[in-house]
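Scroll down for the structure; my scribbles are underneath it.
The values are calculated or read from the model by the stated rules, or taken from the named source; none is laboratory data. Only a predicted model underlies this, so the values are computations on that prediction, with no experimental measurement involved. Every residue, glycine as well, gets a Cβ built from its backbone with ideal geometry; the counts of neighbours run over all protein chains shown.
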Amino acid sequence: MQLNNFDTAAFLRDYWQKRPLLIRNPWRSWHNPLTPDELAGLACEDHVESRLITQSSDDWNAEHGPLPEARFGELGRTPWTLLVQAVDHHVPDVAALIAPFRFIPNWRIDDVMVSYASDGGGAGPHFDHYDVFLVQGLGQRRWQIGGMCDDQTALRQHEDLLLLANFEAVEEWVLNPGDMLYIPPGIAHNGIAVGTDCMTYSIGFRSPSRKELIGHWCDDLLPGLGDDDRYRDPDMTLQDNPGEIPAMALDRLHAMIMEKLADRAEFARWFGEYSSTPRYPETNWSPEQPIEAEHLRHLLKSDQMLFRNPASRFSFVREDDRSLLLFVDGECFPCEDEAASFAEILCAQDKFVIDPEWRTSDAAIKLLAKLYNRGSLSFDWG
Ligand code: SIN
Ligand code: CO
């Protein structure tokens, strides 16, 4: 799938992380990839994260899935919306919606959330910390855009929903099927269904906070640090006031931390593992019987399509001309020469036919077998 009349370089330069952009139907022919019934079915499943938001007068109520099937029959005339997370992990045609956005690196891509709303329904005025492309799938939705928000922005008192206490629309558009709206992080927005059968696909991106990076990396570093790696001061001299923590001591203490945190190579390895860890590891594609290298060689000969597990994240960090670190599902696979070139192919697309020439590369077959047997790749999806 490709977007028509969409200049990715101009988009990155002028809009990405900067300002909203309305894009009227950029698809060659828009086809809604999922029915409302199929979405409701997913919300009833155990391993799928979903929320049902109902509105009555000025009150908002949120219920978390899995929802009992009968719940949909009980919904009255008051506006409601169903939000289902990571639908791309379950529906190949929804996963295909990510393809046109692959100009954004894999490590920044999150998942596709799908919403269904009854007339007047919506998630309420809010802001997200992430970039999002909101693609109108079915029916119509009025999108209102407000100003820039941050941690200081006043929120309504609600235990489950982060709704803005004050929302003033500065611009609004009604989106028809196939239309899409890009919203950068922090921009207030409010989407209200116009008529019934409103479905919206949110292609969401991730960006770690400093708090998350420091917290998680330090958690990872701690087990490797021993008790005997400790502050020492054999050069201590007399000081005027024993109450002072001298600058030299502070410098040395601070350096103990900074030296460790300045290790770029260690950080790269940790970040690759951390950012490739799947959020929903339930999408298990591991084969019942591990595949043998010889069988894999044979399958490559027959030009079979290979799929990346949609829950798996594939990225790499280049080390030098010959080597890179491949990261898949929280694991690091150091690759050299042929294996490194092969790893680049695996990271570039989410489905591919591997050139049969790779059959002769033991390194490529070995890597493929490892990834296949841990369920990160499969010949069978969709
Ligand atoms: C929706 O699809 O209703 C909500 C999407 C969003 O505002 O992030
Ligand atoms: Co939002």
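Comparison of G272, G195 shows that the only residue that is in the same structural domain as D110 (by TED's automatic domain parsing) and either within 30 Å of E331 (Cβ to Cβ) or small (G, A, S) (or both) is G195.
Listed here are the residues, each with its yes/no results for (1) crowded, with 20+ Cβ neighbours inside 10 Å; (2) within 14 Å of ligand 2 (Cβ to nearest atom); (3) modelled with pLDDT of 95 or more; (4) in the same structural domain as N25 (by TED's automatic domain parsing).
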| residue | (1), (2), (3), (4) |
| --- | --- |
| G137 | yes, no, yes, yes |
| Q157 | no, no, no, yes |
| V170 | no, no, yes, yes |
| D179 | yes, no, yes, yes |
| P184 | no, yes, yes, yes |
| G191 | yes, yes, yes, yes |
| M199 | yes, no, yes, yes |
| L221 | no, no, yes, no |
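Taking the criterion of being under 12 Å from C218 (Cα atoms) and surrounded by 13 or more Cβ atoms within 10 Å (Cβ to Cβ), the residues of segment 244-265 that qualify are K260, L261.
A single entry from R232, R264, R297 fulfils the requirement of being among the charged types (D, E, K, R) and within 18 Å of A343 (Cα to Cα): R297. Being touching a Leu at 6+ places or on another chain (Cβ under 9 Å), within 19 Å of M199 (Cα to Cα) and away from ligand 2 (no atom under 12 Å from the Cβ) holds for only one residue in A123, A117, and it is A117. Looking only at residues in segment 357-382 that are closer than 15 Å to P310 by Cβ and of a type in the set (A, V, I, L, M), the one that is nearest to the chain's Cα centre (by Cα) is L377. Among the residues of segment 27-45, is there at least one that is of a type in the set (D, E), farther than 19 Å from N176 by Cα and out of contact with any Pro (no Cβ under 7 Å at 6 or more places or on another chain)? Looking for residues that are of a type in the set (D, E), farther than 19 Å from N176 by Cα and out of contact with any Pro (no Cβ under 7 Å at 6 or more places or on another chain), one finds at least one in segment 27-45, hence yes. Scanning segment 335-350 for residues that are surrounded by fewer than 17 Cβ atoms within 10 Å (Cβ to Cβ) and closer than 23 Å to R108 by Cβ yields E344, I345, A348, Q349. Where strands (runs of 3 or more DSSP E) sit wholly within segment 274-351, those with at least 3 residues that are modelled with pLDDT of 95 or more occupy 314-318, 323-328, 331-336.
Residue-level check: of (1) in contact with a Ser or Thr (Cβ under 9 Å, 6 or more places away or on another chain); (2) loosely packed, with under 13 Cβ neighbours inside 10 Å, R51 misses just (2).
Report yes if some residue within segment 227-243 is part of a helix (DSSP H, G or I) and either hydroxyl-bearing (S, T, Y) or within 30 Å of A123 (Cα to Cα) (or both); otherwise report no. Within segment 227-243 (the criterion being part of a helix (DSSP H, G or I) and either hydroxyl-bearing (S, T, Y) or within 30 Å of A123 (Cα to Cα) (or both)), the answer is no, since none of the residues qualifies. Within segment 39-83, the set of residues being farther than 18 Å from P281 by Cβ and in contact with a Phe, Trp or Tyr (Cβ under 8 Å, 6 or more places away or on another chain) comprises L39, A40, L52, I53, T54, Q55, T81, L82.
Taking P125 as the residue in question, decide whether it is within 15 Å of ligand 1 (Cβ to nearest atom) and either of a type outside the set (A, V, I, L, M, F, W, C) or at pLDDT below 95 (or both). Judged against the criteria, P125 is a match.
Scanning segment 182-222 for residues that are within 11 Å of ligand 1 (Cβ to nearest atom) and either aromatic (F, W, Y) or without any contact (Cβ under 8 Å) to a residue 12 or more places away in the chain (or both) gives a single hit, Y201. Picking from residues in segment 359-378 that are in a helix (DSSP H, G or I) and of a type in the set (A, V, I, L, M), the one that is surrounded by the fewest Cβ atoms within 10 Å (Cβ to Cβ) is A363.
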